[in-house]
Structures are given as structure tokens and as C-alpha cells.
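Report on the structure given below.
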Amino acid sequence: MSTFDITSGADCMEQLTAIGIAAAAAILESQGDGGVHIKADGSPVTRADLAAEAVIRDGLSRAVATMPIVSEEQAEPEHPNASASYFLVDPLDGTREFIAGRDEYTVNIGLVSDGAPILGVIVAPALGLIWQGIVGRGAERLEFSSGKISRPQPIHARPRPDGELVVMVSRSHLDAPTQTYLDGLPRTRRIACGSSLKFCRLAEGAADHYPRLGPTRDWDVAAGHAVLMAAGGSVLTPDGSPLRYGTPERRIPHFLAWGGPASVGTVKG
């Protein structure tokens, strides 16, 4: 892995997928190791988080040594220029689900350019599934097991149905503003889920909407944002403007993700 060029499409995606699968293997090997610590922000981190982080940083550095990497667990966060291209990484998204023994955790690798996501790879280690996409070129889903990877299957978000709206909600972070918003939506069926799998379910047409009106971080969202957009969906701020990345705090205050163009209107804050 000596070069990385998004214009090569399948080649660069193959590199990132291999890195994601290697990180997934590191996570699975670390299961049951214990070693849970609480970070300054109150969120948990495990040995699996750190093992996956090391694998991803090593892989990305080999693939493209000159491109910055912004990741959740790095000790000294990089601060690339807002207009630059850089990777946004969450080596283990859904750490609380991982600790609880659930399958709803992922490896997130996103590529951002000029404040917007352009590529995403999401690997679900316990499910043996991969979702990946390049904005403007499409998205796909793959299966992996015992070192073998299936052929990619194209996926597409679905337009909003006339009847019941299937809404993905956070299993561990359902905050009061989001709850109030959900209560105002007619004819919904809610599915609780951890990690960036919520974006993936929208991207593959299994759900319609994922609102998050509480704060989160860039690395939690970028890869899923890219995959969903590549599949034909959208991720916007509550006032309908595009979601942007790269604030000094790496914080995203809120967003609304849709399986197609936004269709319910904006949230008044």
C-alpha cells in the first residue's frame, strides 16, 4: 500500500476496506480483555479501541503518509486546515454496546475534503458486514468471514414511504431534544440501534430517518454520512443547511439523516 488516489475508485476503496477488516480483527481478538477506562469526557475506552486505532493509523500512514488523520483516541489531535483533505476515524464506534456484549459496534473510516465527506467505509466486526461508498459514485455492501470477502452488492436509500416512517434511534444516546422531535412525527416505527449502523440501515433502504439533536463528534458521523450520501440519502442540519466538518472542537451539535432528500421540514430551535 504505497499510494492512495480517490480517482482510482475501486483501488482506493479496496485499501481502506482491508484496513477496516484488519481493525475489526484486532477488536475481536481483544474481546474479553477487560481494561475499560473512562476518559475525561465521561465516555468509555477499551483495549479494543486502542488496538483498532493502532491498526488503522498504521495502515493509513502506509497508504498515504502525507494525509492527516483525525481520530477519536489519538493523544494529540491533528488540526488540518478546514479546506484540507483528511481522514476522520472512529476505531470502535459504539464502545458501550461492545462492552455490553452487543453486536452493534463498528469501525468508521471517513475521508473529508473542504469540510464535506466524500468517502466512507464502515465495518461491523461482529456482524461480518461492510458498507462503503464514494459520494457521487454509489454505495455497496459486502460480507466477510474467515479472510474471505464477498462480491460487493450495490445499495440504495429508499424514498420516504407514504405510510409508516421507520426511524433509527440511538440505543445509548437518546437525548431529550431528539425524543421531543420524535414525539412530533406521525406514524413512525422506531428501531433502537448503536453506532453508525443507523446510517447503514438508511443507506441500504431498511429505514427512512435518523435524527440526532444532541451533540456528537466528527468521527462518529463522517463515514456514515458519506455512505448514506453515496446511496442517495442526505444529512442536514435542522435548518436544512449542509452538515459541515472541521470545527476546532470537532463537535457536531445536531443533524437529521434521511434515506432520501429531506422531506419533513426543519426543526425550530
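The values are calculated or read from the model by the stated rules, or taken from the named source; none is laboratory data. No experiment lies behind these values; they were computed from the predicted model shown. Because the Cβ atoms are built from the backbone with ideal geometry, glycine has one as well, and the counts that use them run over all protein chains shown.
How many residues, within the range 86-124, are on the phi > 0 side of the Ramachandran plot and without any contact (Cβ under 8 Å) to a residue 60 or more places away in the chain? Before you say what the answer is, go through the steps one by one.
Quick first cut of the range 86-124, residues on the phi > 0 side of the Ramachandran plot only: 94, 101, 114-115.
Adding the requirement that they be without any contact (Cβ under 8 Å) to a residue 60 or more places away in the chain leaves 101, 114.
Residues flagged as on the phi > 0 side of the Ramachandran plot and without any contact (Cβ under 8 Å) to a residue 60 or more places away in the chain within the range 86-124 amount to 2.
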Matching residues, the range 182-210, being more than 14 Å from the chain's Cα centre (by Cα) and either at pLDDT below 95 or part of a strand (DSSP E or B) (or both): Leu182, Asp183, Gly184, Leu185, Pro186, Arg187, Thr188, Arg189, Arg190, Ile191, Ala192, His209
Yes/no for Ala126 being outside the structural domain of Arg244 (by TED's automatic domain parsing) and more than 15 Å from Leu16 (Cα to Cα): yes
Test: residue in the range 1-18 that is at pLDDT 90 or above and over 18 Å from the mean Cα position of the chain (by Cα): no
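For the range 75-85, state whether one or more residues are outside any loop (DSSP other than H, G, I, E, B) and of a type outside the set (S, T, N, Q). It would help to see each step written out before you state the result.
Taking the range 75-85 first, the residues outside any loop (DSSP other than H, G, I, E, B) are 85.
Add one more test, that the residue is of a type outside the set (S, T, N, Q), and what stays is none.
No: the range 75-85 contains no residue that is outside any loop (DSSP other than H, G, I, E, B) and of a type outside the set (S, T, N, Q).
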Members of the range 38-67 found to be over 18 Å from the mean Cα position of the chain (by Cα) and assigned to a loop (DSSP other than H, G, I, E, B), listed by number: Lys39, Ala40, Asp41, Gly42, Thr46, Val64, Ala65, Thr66, Met67
Which numbered condition Pro154 misses (of (1) touching a residue at least 24 places away in the same chain (Cβ under 8 Å); (2) in contact with a Gly (Cβ under 8 Å, 6 or more places away or on another chain); (3) assigned to a strand (DSSP E or B)): (1)
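Return a yes/no flag: does the range 75-85 have any residue that is buried (at least 18 other Cβ atoms within 10 Å of the Cβ) and at negative phi.
no
Hey, any hits in the range 147-156 for a residue that's small (Gly, Ala, Ser) and either in contact with a Ser or Thr (Cβ under 9 Å, 6 or more places away or on another chain) or assigned by TED's automatic domain parsing to the domain that holds His209 (or both)? Outline the logic, then answer.
Pass one, the range 147-156, residues small (Gly, Ala, Ser): 147, 150.
With the extra rule that they be either in contact with a Ser or Thr (Cβ under 9 Å, 6 or more places away or on another chain) or assigned by TED's automatic domain parsing to the domain that holds His209 (or both), the set shrinks to none.
The answer is no, given that none of the residues of the range 147-156 is small (Gly, Ala, Ser) and either in contact with a Ser or Thr (Cβ under 9 Å, 6 or more places away or on another chain) or assigned by TED's automatic domain parsing to the domain that holds His209 (or both).
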Matching residues in the range 26-49 - criterion: being touching a Pro at 6+ places or on another chain (Cβ under 9 Å) and crowded, with 17+ Cβ neighbours inside 10 Å: Ala26, Ile27, Ala48, Asp49
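For the subset of the range 129-162 comprising residues that are of a type in the set (S, T, N, Q) and under 16 Å from Glu204 (Cα atoms), which member is surrounded by the fewest Cβ atoms within 10 Å (Cβ to Cβ)?
Step one: list which residues in the range 129-162 are of a type in the set (S, T, N, Q), which gives 132, 145-146, 150, 153.
Filter once more, so that each one left must be under 16 Å from Glu204 (Cα atoms): 132, 153.
On the way: Gln132: 27, Gln153: 11.
Selected residue: Gln153.
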Evaluation of Ser172 against (1) at pLDDT 90 or above; (2) out of contact with any strand residue (DSSP E or B) (no Cβ under 7 Å at 6 or more places or on another chain); (3) of a type in the set (Ser, Thr, Tyr) (one fails), failing number: (1)
